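The values are calculated or read from the model by the stated rules, or taken from the named source; none is laboratory data. Since we're looking at a predicted model, the values are computed, not measured. Cβ placement follows ideal geometry from the backbone for every residue including glycine, while neighbour counts extend to all protein chains displayed. Each accessible area value is taken on the protein alone, full model and side chains, heavy atoms only, with ligands, DNA and RNA left out. Shrake-Rupley method; radii C 1.70, N 1.55, O 1.52, S 1.80 Å.
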Amino acid sequence: MNKIEKYKQVYIGLGIFAGLIYFPLLSNGLTNSDDGVWHTTAFTASDWEISIGRWFWIYLDKIKFGINSITLNNILSLMIMVLGLILCMECLKVEKTLFRVLGGMLFLTYPIVCDILSYSYMSTTFAMAFLLSVIAARSLLAQNNSVILGGLGSVAIACSMGCYQ
């Protein structure tokens, strides 16, 4: 069984669970009262983000064309986080589907996830920081001590730090 088939049900199940848990936030376009109110439909990182070490934001904003849909950003963020969770589960060698699902549910209901989603204009950036950190750890923990995997892990951690210094 290949890895996609192995984790497909867990990915879909956790995605549906996350959608249900955060349905009020997603359906009502809720944001926090700090920055979420000011950065709604259009936000593009610029010189200020670079000056504080968030250089990777510019590239992520270009991928999104500077468009910020509260609901779309948060759904994308949840899917990125679930992908990061699955890679983390594989890195930790969690074999039982029950533990994968329960661990994923526990992570997705953690308050910091809701906090990340409340800053919807940068939620995808923070989700990418998580995913890149997991990719870095997975690459650096590989058993074959490959220079290529070491380089990939180093680049991934640098990009993760560029998401949030």
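The requirement of being farther than 16 Å from residue 80 by Cα and not polar (S, T, N, Q) is satisfied by residue 149.
For region 144-154, give me each residue that is assigned to a helix (DSSP H, G or I) and free of Cβ contacts under 8 Å to residues at least 12 places away in the same chain. Residues satisfying the conditions are 147, 148, 149, 150, 151. Among the residues making up region 1-19, none is modelled with pLDDT of 90 or more and either among the acidic types (Asp, Glu) or surrounded by fewer than 10 Cβ atoms within 10 Å (Cβ to Cβ) (or both). Within region 73-85, can one find any residue that is over 28 Å from residue 24 (Cβ atoms), open to solvent by less than 30 Å² (accessible area, probe 1.4 Å) and not polar (S, T, N, Q)? Taking every residue of region 73-85 in turn, none turns out to be over 28 Å from residue 24 (Cβ atoms), open to solvent by less than 30 Å² (accessible area, probe 1.4 Å) and not polar (S, T, N, Q).
Condition check ((1) within 23 Å of residue 158 (Cβ to Cβ); (2) touching a Cys at 6+ places or on another chain (Cβ under 6 Å); (3) among the aromatic types (Phe, Trp, Tyr); (4) touching a residue at least 60 places away in the same chain (Cβ under 8 Å)) across all residues:
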| residue | (1), (2), (3), (4) |
| --- | --- |
| 47 | yes, no, no, no |
| 56 | yes, yes, yes, yes |
| 70 | no, no, no, no |
| 80 | yes, no, no, no |
| 84 | yes, no, no, no |
| 93 | no, no, no, no |
| 120 | no, no, no, yes |
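Applying the criterion of being open to solvent by 20 Å² or more (accessible area, probe 1.4 Å) and outside any helix (DSSP H, G or I) to the residues of region 42-59, the residue that is nearest to residue 163 (Cα to Cα) is 54. Every condition in (1) at pLDDT 85 or above; (2) surrounded by 12 or more Cβ atoms within 10 Å (Cβ to Cβ) is met by residue 67 except one, and the failing one is (1). Among the numbered conditions (1) over 13 Å from the mean Cα position of the chain (by Cα); (2) modelled with pLDDT of 90 or more, the only one that residue 129 does not meet is (1). Of all residues in region 86-126, those being more than 18 Å from residue 26 (Cβ to Cβ) and aliphatic (A, V, I, L, M) number 9. Of the residues that sit in region 60-91 and are in a loop (DSSP other than H, G, I, E, B) and not aromatic (Phe, Trp, Tyr), which one is farthest from the chain's Cα centre (by Cα)? The qualifying residue farthest from the chain's Cα centre (by Cα) is 66.
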